[in-house]
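Shown next, in structure tokens, is the structure this report addresses.
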């Protein structure tokens, strides 16, 4: 039996991978229900502290774009600041890895209708 994954906003258990949204929240990966993410976590605080989605197709597409743009900037900048885009690529890879290891691998894609 694995440890249950709890929603950061409503404190209820997330039972399905389709319900799970992992976000970068204050430099920490947190889990939310899809509905909690849509209603609570995209408000005013999202302007000050961006909490972009890490899983799902939107998270994967933004990750791919960030890697492509970061590598292009790394090769186009000649000064020592060229390592800054590389830092952000490594940070984004870390967030995705933590999201998978801590949350996504424990949930299945299939809905459990046992009750």
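Bear in mind these aren't lab numbers, they're just calculated from the coordinates by the rules spelled out. The model shown is predicted, which means the values in this text are computed figures rather than measured ones. A quick note on method: Cβ atoms are made from the backbone with ideal geometry, for glycine too, and the neighbour counts reach across all protein chains shown.
Numbers for the structure displayed
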| read-out | value |
| --- | --- |
| Exposure proxy order (Cβ contacts within 10 Å, fewest to most) of 22, 58 | 58, 22 |
| Separation between Cα centres of the stretch 59-103 and the stretch 13-42, rounded to whole Å | 22 |
| Nearest-0.05 FRET efficiency for residue 78 and residue 3, computed from C-beta distance (R0 41 Å) | 0.25 |
| Label-point separation in nm, residue 60 to residue 91, each point 7 Å along Cα→Cβ | 2.5 |
